[in-house]
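Working notes, beginning with the structure itself.
Values quoted throughout were computed directly from the atomic coordinates according to the rules given, and no laboratory measurement underlies them. No experiment lies behind these values; they were computed from the predicted model shown. Counting neighbours? That spans all protein chains shown, and the Cβs are built from the backbone with ideal geometry, glycine included.
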């Protein structure tokens, strides 16, 4: 054997392998991200006209765009209103649950946060079953309020408020207790909250606002159900039903590219690397709890009122579902549960693999890493109709029917939209571990893939697991992306519920919604148990 060789392999090959593995692996992951995100968006920008047999489609689309131009502004206003109201609810709740002695705060947090993992459309259904015209608590007045722009804002705000609550809790809980103790010597608890805790949580609040505004703008199910016209609904109408005109849809989504670029610019300007710090925050041991004194009772009542409001629509779904004839459910549900679990699982596994490579590159500040992170964030903040139309234009061709006509197209959409969640979660975890372990292994001759397998993955296991779980749950709750291009017989459960809402028995629709709630609860429960177990180790 040649000295310096490994198992008979020439030393030169080992040197080349050591140098090439990392750029090749990173380049491959970046290529997948590029194909999933930039190619669909390029199709929209460069070749938006799909109706090749209809030369007047662009003219019709531009004329229609002129008539609904105000609808885009209305959608932006709706998203902004939801963000403001959700923040007004979630930020105080996050501060109270993180740092005060309100009674039963862990239970209240669990009840308040769980609906965050559900499609908001299901919560709108629950509110309808409670306050619709013919519902137990309903009347003509409550129905009119619900089926209005104000009703849509309230329903979505209650659905998205837990995002503010949870991220605010992270920001507030991570504050050094010594700062609080010093501040309490000269200031009241209220002043400490306003001047120390909430300013320290500002990056978390900003990240919450970005996430909520993105989700609220793309939300399709709630406005459609509550008969509120929004811009994504206008695009959707051109991709289904008697108004099917994909060429017009492709032109109509072009203004949404400007929305995506603005959101990306805000993320880069207001957050940048601070968003990694937010996701990487951990609650400090022995967090100081602020006694509220005479304010404890009203604070506890307020916290539990909002916790009850969060789960009240689920109670409405359960009441309506109790009226169903059980043999009807299997006949209506089809393969939607299997489709949801399968596509979400595949997407979560693929994104976890991409996140291990790309998240490490971002955490270790490798060349080009910020660009890849920006591409992933761009896909997340891109309104769902824009990404959906791009995927249709890219894959709806005879040569790619094996992708577009199967569940693979749904998986591709999930990978494009939710890779940012995995990359950010894993990167924030890897950034907290010292690079010296990898450096020592590299000096000992370990290749990049070996270091990734033996060092990075085990030390970042909790981040990988958390990222995969978050991706799985986001895919499970996805409606606005998959509804645009799901293949025949391949609809996920939320899409199945939406399509049945108009012509299916209400009790059956509610039963399918409860199945989705149970599936989500099981996923969250299993994930929480696994993460808690790994934390104790």
Whole-Å distance linking the alpha carbon centroid of segment 420-487 with that of segment 348-393 is 12
For q = 0.10, 0.15, 0.18, 0.21 Å⁻¹, what log10 I(q)/I(0) does segment 387-492 give under the Debye formula with an equal point scatterer on each alpha carbon and no solvent? -0.44, -0.73, -0.85, -0.98
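Beyond 12 Å, what share of the Cα-Cα pairs of segment 403-446 is found? Please give it as a whole percent.
Of all Cα-Cα pairs in segment 403-446, 71 percent lie more than 12 Å apart.
From the C-alpha gyration tensor of segment 318-437, pull out the three semi-axes of the equivalent ellipsoid (sqrt of 5λ each), sorted largest to smallest, in whole Å.
Each semi-axis is the square root of five times an eigenvalue, giving 35, 21, 13 Å.
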Which of the peptides 310-321, 103-114, 202-213, 138-149 is most tightly packed, and how do the rest follow, going by the mean number of other Cβ atoms within 10 Å of each residue? 202-213, 310-321, 103-114, 138-149
